[in-house]
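Here the structure comes first, spelled out in structure tokens, and everything after it is commentary.
The values are calculated or read from the model by the stated rules, or taken from the named source; none is laboratory data. Note that the structure is predicted; figures quoted are calculated from it, not measured. Note that we place each Cβ from the backbone using ideal geometry, even for glycine, and neighbour counts take in every protein chain shown.
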Amino acid sequence: MRDPHLHPVPTAPRRRPVGRVVLLALLAFALAACSASAPQSVLDPQGPAAQQPDDLFRVVLLIALVVFLVVQGLIIYAVVKFRDNGDGELPKQVHGNTKMELVWTIVPALILAGISVPTIKAVFDLAEEPPGAMIVEVIGHSWWWEYRYPGLGPDGTDLITANEMVLPENTDITLKMTAEESGSTANAVIHAYWIPALAGKQDVVPGRITTINLQTSGPDVYMGQCTEYCGLSHANMRNYATVLSAADFDAWVELQGTPAAMPAEGSDAAEGARLFAQLRDVEGLGQRACVSCHAISGYVGPDGEVAGAGVGPDLTHLMDREMFAGAIFDLYETSDGWGTWTDEPNVEDLVKWVQNAPEMKAMRATGENALGMPNLGLTEQEARQIVAYLLTLK
Amino acid sequence: MASTTTSDAGPLLARRPMKTQGRWSFLTTVDHKKIGIMYFWTTLVFFALGGFEAVFVRTQLMKAESTFMAEELYNQLFTMHGVTMVFLVVMPLSAAFFNYLLPLMIGARDVAFPRLNAFSYWVYLFGGIFLYSSFFLGGAPNGGWFGYAPLSTNIPGNNMAFYAMSLQILGISSLAASVNFIVTIVNMRAVGMTFMRMPVFVWMSLVVNFLLLFSLPIITVGLIMLQFDIALGTSFYQASAGGDPILWQHLFWLFGHPEVYILILPAMGIVSEVLPTFSKKPLFGYSFLVFAGAAIGFIGFGVWAHHMFTSAIGPVARASFGLSTMFIAVPTGIKIFNWVFTMIGGKIKFTTAMLFSVGFVAMFTIGGLSGVTHAIVPHDYQQTDTYWVVAHFHYVLFGGAMFGGVSGMYYWFPKVTGKLMNETLGRLHFWTWFIGFNLTFGPMHMSGLLGQPRRTAVLPAGLGDAVVLYNLLSTLGAFVLIVSSLIFLVNLIKSIKSGEPSGNDPWDARTLEWMTESPTPEVNFYEIPVVAHRDEFWHRKYAEDEAGVLRPVPAGASEDHDVDAAVATDEHADDGHGHIHMPDPSYWPLVMTAAFLPFGYAVIYKSAPLLLLAAVWMFAGFYGWIIEPLAAGDDD
């Protein structure tokens, strides 16, 4: 029953779609295996909270691969074996086969039922807060992360830091997370906290507290990123976690609890410290200064101003961190890609940032529902003086 | 209709338009075929727009730390790409197929409510124009296609107000159409066309339109509250004022997940028509396929929170939605095996339509398998909102819905035009499409697993060289797809102008639409067929013995099918001999729906006079619609 309108069907077998897909998939996995440095990979779990899902995933991926091969194999078989050979005979009319239908209904259902048991167990395992876990409060801002360590500051106060989450090794951790802007939920939006090597992601929702339970392993540094679209600069809301040995962590806590010292009179840093509280009027913004947004414990301005505002990141020990501005810029030069920070401060990016932050990172610093750091209209000299002060905040 | 006056006097608008031929007749047409053609072309335009948006997005991600465009523009483009492809391309493309084919496949002369059908199309067109006008009015939506609150209410400007308004307008279009198609399928089948004799495409359409009917009201509620939060400062989704951001997510995904099946089931229906035709075999396991489709429709309402596994929901919800998500894979698997076994044992003819259908089965399988990994809830915490998910849903929507849709275009092109599409260009289209598709979306699996989040305007170099390489491959693939789409466009235009004549039944097809002339006459069927079989047309051409062996039947002489006797009892039988009553064209659907434009702008710009104008306009249109007379001479 060949139709004269159709073009003749070539008899020589051509390359099949599926063959190419298999090839592509294999190539992709081969390439992935070669790529040693993918610091945000989900395939390289570094703690039980990331390991448990990964184990499940690998099993499921294997089953999926088998199903993939079976289905694509059948398709290849069908298109190779049952091409119209043009003999004009009509094929046997098979309408179905109930036994086969039952097989491909029941077998997948059983496989899925089997997978569902460890899946559901893992859901409840991961949701369980380990008794005695260390609590870290995580606050999502547009577009950076703030961390609070309840009770670890001097006299039982909270330690407050930003962008870098510092954790002790081999410890159960519970992150208690929410989203705020300037201490209120009014202008806050949903973010998601994610450091794939340590644990899966969790949305961070204004007005609610969500949790991630995880356990650290040895000292290392891990990359992460906000993964719930949060508006203009979502792409620039990144973060990282540093896991320290127990002794180093104690030293870190000690350092973070220490107020910053004011720089010596007459230095560039001292002039920067003055500007920190007493900037000129900024056009369109009125009287503004760094202290209107940033906190520095131990700061004393020329007229006795304190820096206690919690709008932007706390800067008390800025230079103890390695990245800034939502962890998109290095505070210290790197020697060999991400995570290999040297002791050399990245002064130029800091100066550019202080001088005109919105040019460095998309922000909506003025107008309705303003978010982020505005262009403060500083001269380069003023910016360098402020940076000189910032560099003292070790 | 006895009470309706027939009039050829009076002012112009009180008369009924008469033209059913020519370009202008499209403005007043209520013919399901013409409306289907309008849906098709409009869809193609929006596909081009959505495609350009995608290419811009891919160009930005071609290299790390690219400054090709700023974040704000990127955010608008990826949002508009998603909204366009879902609401302005795949859904209306299905509507194009529903419109053109459903009446033909069930042996009817039009849909149940022809003017409402025109109304649906015009609302869709104006909704799309309204949405795209936002580009010229301060910026397009920039909050993602699922517009999560409170972000969508916090962004200054009217970007997300346009999102909320245009989705409501488009929802009206789809809701009206769903009622129309459900009534058409349930009430207007030809004599003998029982439910279990309906083509699978009709079945899938029925399921889809019930999904639309039940899911659209949910998002409409959500959108109205969103609109109120944006425009009037209410606090449905504002945590600071006692509202709940998660409420939006539930309402959106309660619609949004059935929506996924709204997008894919029509393509599954198309493939279920194409595979048997070109395998010269009936569909394997018809009833299993039908019930699997219906099961997907039901379970589809019980899996919405799998889009929210990392949202603020507890472990019990996560576990139960994980379970339901796993089990929706079962009916999907049933379908795949049935399609494959339709081909096995057949005599496969590789037309372009067939290539796209086989491609659908192969590609959709990949999307289905990556879909199952989302049900592994703890690992979903890792992969959600990464490019793994982007890869997954493009394998389902592009590898699935678009492959199926394109297959349908090649398959039914002769039905609509009476001409064949060029098969050489068609093959070229298929292979470039297939390679471009896999090159674009295949690497995204890997860039996702290696940690690249979706919706990020910047590809950080820190993610590693492999991620950067995969992104480059994806972008190259997108350019291959552009070339492929152009090949299709050339083929389409060339074939419309100078395609070879196809005859009425170029594929030796199985279903009723091929029994009448191609291109389809205005009345569809000069005589409404009486149906005695599933695949009625096939059974009129071939007789099948007990062992499933076929032999051709001489025209009009089926031994188990006495057409004459059946016609004698058919009340419509006389239609073939005299005047066939067809619905009259009407101005009113166009006139009335145009009021949605001032209505939308009135809500966004809070303009009372404009709102009043829109209300009066709409009411006048509604009134004109009701009192519209029959055309002269059409009072039979």
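Results for (1) facing chain B (nearest Cβ under 7 Å); (2) part of a helix (DSSP H, G or I), shown as yes or no for each residue.
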site	(1), (2)
A:89	no, no
A:96	yes, no
A:103	no, yes
A:108	yes, yes
A:111	no, yes
A:114	no, yes
A:118	no, yes
A:124	yes, yes
A:135	no, no
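Scanning region B:489-536 for residues that are outside any loop (DSSP other than H, G, I, E, B) and within 14 Å of chain A (Cβ to nearest Cβ) returns B:491, B:495, B:501, B:514. Of the residues making up region B:205-226, those that are among the polar types (S, T, N, Q) and surrounded by 24 or more Cβ atoms within 10 Å (Cβ to Cβ) are B:205, B:209, B:215. Note on region A:74-91: residues that are in contact (Cβ under 8 Å) with a residue 24 or more places away in the chain and closer than 17 Å to residue B:340 by Cβ amount to 5. From the list A:254, A:228, the lone residue that is modelled with pLDDT of 95 or more and either more than 30 Å from residue A:370 (Cα to Cα) or of a type in the set (Phe, Trp, Tyr) (or both) is A:254. The residue list A:289, A:309 contains one member that is on the phi < 0 side of the Ramachandran plot, modelled with pLDDT under 95 and either touching a Phe, Trp or Tyr at 6+ places or on another chain (Cβ under 9 Å) or of a type in the set (Ser, Thr, Tyr) (or both), which is A:289.
Consider region B:335-356 and keep the residues that are touching an Asp or Glu at 6+ places or on another chain (Cβ under 9 Å) and farther than 11 Å from residue A:79 by Cα. The one that is nearest to the other protein chains (Cβ to nearest Cβ) is B:337.
Of the helices (runs of 4 or more DSSP H) that lie entirely inside region B:104-193, those containing 2 or more residues that are within 14 Å of another protein chain (Cβ to nearest Cβ) span B:151-154, B:159-187.
Which of (1) touching a residue at least 12 places away in the same chain (Cβ under 8 Å); (2) farther than 28 Å from residue A:37 by Cβ is the odd one out, the single condition residue A:251 does not satisfy? For residue A:251, the exception is condition (1). For region A:169-197, name all the residues that are more than 11 Å from every other protein chain (Cβ to nearest Cβ), closer than 25 Å to residue A:55 by Cβ and not β-branched (Val, Ile, Thr). A:169, A:170, A:172, A:175, listed by residue number. Considering each residue of region A:198-230, count those that are over 15 Å from the mean Cα position of the chain (by Cα) and at the interface with another protein chain (Cβ under 7 Å from one of its Cβ atoms), and give that number. Result for region A:198-230: 5. Filtered by the rule that a residue be hydrophobic (A, V, I, L, M, F, W, C), under 21 Å from residue B:146 (Cα atoms) and not in a strand (DSSP E or B), region A:194-248 gives A:205, A:226, A:230, A:232, A:235, A:237.
Residue-by-condition table, conditions (1) under 19 Å from residue B:288 (Cα atoms); (2) among the aromatic types (Phe, Trp, Tyr); (3) in a helix (DSSP H, G or I):
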{"site": "B:333", "(1), (2), (3)": "yes, no, yes"}
{"site": "B:336", "(1), (2), (3)": "yes, no, yes"}
{"site": "B:346", "(1), (2), (3)": "no, no, no"}
{"site": "B:356", "(1), (2), (3)": "no, yes, yes"}
{"site": "B:371", "(1), (2), (3)": "no, no, yes"}
{"site": "B:380", "(1), (2), (3)": "no, no, yes"}
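Whenever a residue of region A:92-103 is closer than 25 Å to residue B:542 by Cβ, its partners that are exposed (fewer than 15 other Cβ atoms within 10 Å of the Cβ), lying with C-beta atoms within less than 7 angstrom and at least six residues away or across chains, give the pairs A:92/B:549.
Residues checked against (1) in a loop (DSSP other than H, G, I, E, B); (2) free of Cβ contacts under 8 Å to residues at least 60 places away in the same chain; (3) among the β-branched types (Val, Ile, Thr):
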residue: B:271; (1), (2), (3): no, no, yes
residue: B:277; (1), (2), (3): no, no, yes
residue: B:288; (1), (2), (3): no, yes, no
residue: B:293; (1), (2), (3): no, no, no
residue: B:300; (1), (2), (3): no, no, no
residue: B:309; (1), (2), (3): yes, no, no
residue: B:317; (1), (2), (3): no, yes, no
residue: B:322; (1), (2), (3): no, yes, no
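If you check B:459, B:473, B:463 for being in contact with a Ser or Thr (Cβ under 9 Å, 6 or more places away or on another chain), closer than 29 Å to residue A:201 by Cα, at the interface with another protein chain (Cβ under 8 Å from one of its Cβ atoms) and among the hydrophobic types (A, V, I, L, M, F, W, C), only one passes: B:463. Residues in region A:162-193 that are outside any loop (DSSP other than H, G, I, E, B) and among the small types (Gly, Ala, Ser) were compared, and the one that is surrounded by the fewest Cβ atoms within 10 Å (Cβ to Cβ) is A:184. Residues of region B:56-103 that are hydroxyl-bearing (Ser, Thr, Tyr), part of a helix (DSSP H, G or I) and either away from chain A (no Cβ under 14 Å) or free of Cβ contacts under 8 Å to residues at least 24 places away in the same chain (or both): B:59, B:84, B:94, B:100.
Does region A:77-111 hold any residues that are among the aromatic types (Phe, Trp, Tyr) and touching a helix residue (DSSP H, G or I) at 6+ places or on another chain (Cβ under 8 Å), and which are they? Correct list: A:82, A:104. From the set of residues in region A:337-369 that are in a loop (DSSP other than H, G, I, E, B) and of a type in the set (D, E, K, R), which is nearest to the other protein chains (Cβ to nearest Cβ)? The selected residue is A:368.
Reported count of residues in region A:295-332, each being without any contact (Cβ under 8 Å) to a residue 40 or more places away in the chain and within 14 Å of chain B (Cβ to nearest Cβ), is 2. When region B:227-251 is examined, which residues are found to be surrounded by 18 or more Cβ atoms within 10 Å (Cβ to Cβ) and in a loop (DSSP other than H, G, I, E, B)? If the condition is that a residue be surrounded by 18 or more Cβ atoms within 10 Å (Cβ to Cβ) and in a loop (DSSP other than H, G, I, E, B), then B:236, B:237, B:238, B:243, B:244 are the ones that fit.
Within region A:370-382, restricting attention to residues that are free of Cβ contacts under 8 Å to residues at least 40 places away in the same chain and part of a helix (DSSP H, G or I), the residue that is nearest to the other protein chains (Cβ to nearest Cβ) is A:380. Considering region B:180-220, and only residues there that are among the aromatic types (Phe, Trp, Tyr) and in contact (Cβ under 8 Å) with a residue 24 or more places away in the chain, the residue that is nearest to residue B:246 (Cα to Cα) turns out to be B:214. The residue pairs whose first member lies in region A:40-53 and is among the charged types (D, E, K, R), whose second member is modelled with pLDDT under 95, and whose beta carbons are closer than 8 Å, counting only pairs six or more residues apart or on different chains, are A:44/A:38. Does residue B:370 count as at the interface with chain A (Cβ under 9 Å from one of its Cβ atoms) and either polar (S, T, N, Q) or within 20 Å of residue B:408 (Cα to Cα) (or both)? Yes; evaluated as a whole, the condition is true for this residue. When B:395, B:410 are checked against the criterion of being surrounded by 24 or more Cβ atoms within 10 Å (Cβ to Cβ), more than 20 Å from residue B:58 (Cβ to Cβ) and aromatic (Phe, Trp, Tyr), B:410 stands alone in meeting it.
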